[in-house]
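Throughout, read-outs are computed from the coordinates displayed, never taken from laboratory work. Computed from a predicted model, the values in this text were never measured in an experiment. Backbone-built Cβ (ideal geometry, glycine too); neighbour counts: all protein chains shown.
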Amino acid sequence: MATFLVRNSNPLQGSIRINGSKNAALPILAASILAENGQVVLSSIPDLTDVRFLCEILQGIGCTVAMHADGKVTVDASRITNHITPYDLASRMRGSFLVMGPMLARMGICRISLPGGCPIGSRPVDLHMKGLRALGAKVTQGYGYIEVRAKKLIGNKIYLDFPSVGATENILMAAVRAAGETVIENAAVEPEVVDLANFLCAMGADITGAGTDSITIQGVSALHGAQHTVIPDRIEAGSFMAAAAITRGHITLSHVLPAHVSPVSAKLREMGVDVREEADQITLDATRKFHAVDIKTLPFPGFPTDMQAQLMALLSLTEGTSIIVETIFENRFMHAPELQRMGAHIKVEGRTAVIEGVRSLSGAPVRATDLRAGAALVLAGLAAKGDTEISDIHHIERGYADFAGRLRSLGADIHRID
Ligand code: EPZ
């Protein structure tokens, strides 16, 4: 199995172009199922294992999918034949669950294995099911599969007990073809939800309020192909900012939307890191001393849970005591024991972690337990004394394209060992 070999690195310097967003690309690829005629042409799709898995799932249900080297992906969904997603793919990636809403709207039926993905919590899908039932779907579960059926979808008012990103997206992709009006209350407001809504409108959907906690959809009779460029990845941007900060470096990020990264930029500024924003650029200068802060993860525009592990690594080497409260997932501190193996002083109690900054970490063999935990270990390895070998890097490669190569372009000493 491939590993990352990470060594103590000089302060990162230079500029990096941010890729398209994984968490926008996945629902938008799933939404392509709704295009009954005409081709979908997507740009800025990141080359990630999760994206490739989803493209295989689309092919498995009869779509013609072509992935090009320049980040362009074309999908022709005019001849969908199958409503069952292949177990071996769907079970490996939670994002595959996003085909449920569009398949239900397009075919009236969808059978999918219960979602897999990162082991960061139980990851239930009750809110997805609540929404699809409200639109008239019959939901049955058994033998590791969930099946939803509906001869016709009827618009309804749906209240989400939690502003779930995936549930908002699945319900949105079903409601665009439901007869009449649907209102999603307490909807997720993440930028990736807005990007999906913009793509659906380009396909002929009628959606207002995306980006607010109340989204209104007027059902339409059919959707057609469209062109769309996916937004930049705010979590990849934040991860490179944290990599520059932990090495006390100075970097510029291009092809980024600063407003989407603002919760992370604000927290880094609170620490004393210099973060400057321009149109589609962010410059970070961490060459001066900075200090500990407290973090509480919240739905957007709060501090993103997907940046919690990376900031824990940074705070492990920041003078002072920091407290992190993880409010989104019940088990998202699995990077803490791995960081402790490198000498970090972290105490975890339930959803709260207390970090005492230390002067140095020491390289060690560690394991990536999930996508963002793996990224945190790479960051720690860049600043630790000695070598850090990270195993199970397939988790990392689900969400970061050529992570080692792109960090090396900023001066990092990191190599992928096959
Ligand atoms: C999306 O996951 C992202 N994934 C996650 O990013 C991200 O951490 C998460 O949103 C929160 O921002 C993609 O977009 C592909 P949720 P999702 O539904 O949709 C509970 C990464 O690192 N919940 O908003 O699965 C759930 O258990 C990944 O890129 C229910 O209780 O997240 C969790 O505690 C990790 N019932 C909370 O809501 C449901 O039906 C947030 O989940 C659905 C969710």
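Between Glu56 and Glu330, what FRET efficiency follows from the Cβ-Cβ distance if R0 is 25 Å, with the result rounded to 0.05?
It comes out at approximately 0.25.
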- line: Among the range 253-290, those whose backbone N falls under 19 Å of a label point 7 Å along Cα→Cβ from Asp70 are 255
task: Counting other Cβ atoms within 10 Å, keep those with at most 12, restrict to DSSP loop, and tell me which trypsin sites (Lys or Arg not before Pro) in the range 22-89 are left.
output: Arg79
query: How do the peptides 58-65, 181-188 rank, highest first, by the average count of neighbouring beta carbon atoms within 10 Å per residue?
result: 181-188, 58-65
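For every other residue with a beta carbon closer than 11 angstrom to the beta carbon of Lys289, add +1 if it is Lys or Arg and -1 if Asp or Glu, then tell me the sum.
Local charge sum for Lys289: +1.
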- prompt: Sorted by mean Cβ packing within 10 Å, highest first, what order do the peptides 357-370, 141-154 take?
  reply: 357-370, 141-154
statement: Once both label points are put 7 Å beyond Cα along the C-beta direction, the Asp213-Leu298 separation in nm becomes 1.1 nm
- line: With the dipole of the range 22-229 defined by +1 on each Lys or Arg Cβ and -1 on each Asp or Glu Cβ, the option from Leu223, Thr49, Cys110 whose Cα lies farthest towards the positive pole is Cys110
Extension gain from Asp161 to Ala279, taking 0.36 nm per residue of separation minus the Cα-Cα distance: 38.9 nm
- prompt: At Val183 and Ile109, where each label point lies 7 Å from the Cα along Cα→Cβ, what is the point-to-point distance in nanometres?
  reply: 3.5 nm
task: Could you list the GluC sites (Glu not before Pro) in the range 261-335 that lie in coil according to DSSP, counting only those with at most 14 other Cβ atoms within 10 Å of their Cβ?
output: Glu278, Glu319, Glu330
- prompt: When all C-alpha to C-alpha distances in the chain are sorted into bins of 20 Å, what percent of pairs does each bin hold, rounded to whole numbers?
  reply: 28, 55, 17, 0
statement: Per principal axis, largest first, the Cα atoms of the range 22-229 extend in Å by 42, 37, 32
query: Measuring from label point to label point, each 7 Å out along Cα→Cβ, what is the Thr287 to Leu5 span in nm?
result: 3.1 nm
field: Relative packing of 283-293, 34-44, which averages over residues the other C-beta atoms within 10 Å, highest first
entry: 34-44, 283-293
query: Taking the Cα centre of the range 195-283 as the origin, how large is its charge dipole in debye, to the nearest 20, when only Lys and Arg (+1) and Asp and Glu (-1) carry charge on their Cβ atoms?
result: 240 debye
field: Contour minus Cα-Cα distance for Arg133 and Ser409 (0.36 nm per residue)
entry: 94.5 nm
Equivalent ellipsoid semi-axes - Cα gyration tensor, the range 250-379, angstrom: 23, 17, 14
message: Running a GNM on the chain with Cα contacts under 10 Å, which residue among Asn19, Asn331, Asn170 ends up with the highest mean-square fluctuation?
response: Asn331
query: Looking only at the range 250-276, which residues have a backbone nitrogen under 19 Å from a spot 7 Å from the Cα of Asp402 in the C-beta direction?
result: 252-256
field: Contact order relative to length of the range 110-213, as percent, for alpha carbon pairs under 8 angstrom and 6 or more apart
entry: 24 percent
query: Magnitude of the Cβ-charge dipole of the range 266-385, K/R +1 and D/E -1, about the Cα centre, nearest 20 debye?
result: 400 debye
Segment Thr140-Val358, extension gain: residue separation times 0.36 nm, minus the distance between their alpha carbons: 73.3 nm
field: At R0 = 25 Å, FRET efficiency that the Cβ-Cβ distance of Lys152 and Thr49 yields, to 0.05
entry: 0.10
statement: Sorting Ala376, Phe300, Phe329 by the position of each Cα along the dipole of the range 299-393 (Lys, Arg +1; Asp, Glu -1; all at Cβ), the one nearest the positive end of that ordering is Ala376
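In debye, nearest 20: dipole of the chain around its Cα centre with unit charges on the Cβ of K, R (+) and D, E (-)?
Using only the charged Cβ atoms, the result is roughly 500 debye.
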query: Out of Leu268, Gly144, His68, whose Cα points farthest toward the positive end of the dipole of the chain (charges: +1 Lys, Arg; -1 Asp, Glu; placed on Cβ)?
result: Gly144
- line: the chain: relative contact order from alpha carbon pairs under 8 Å, six or more residues apart, as a whole percent, is 21 percent
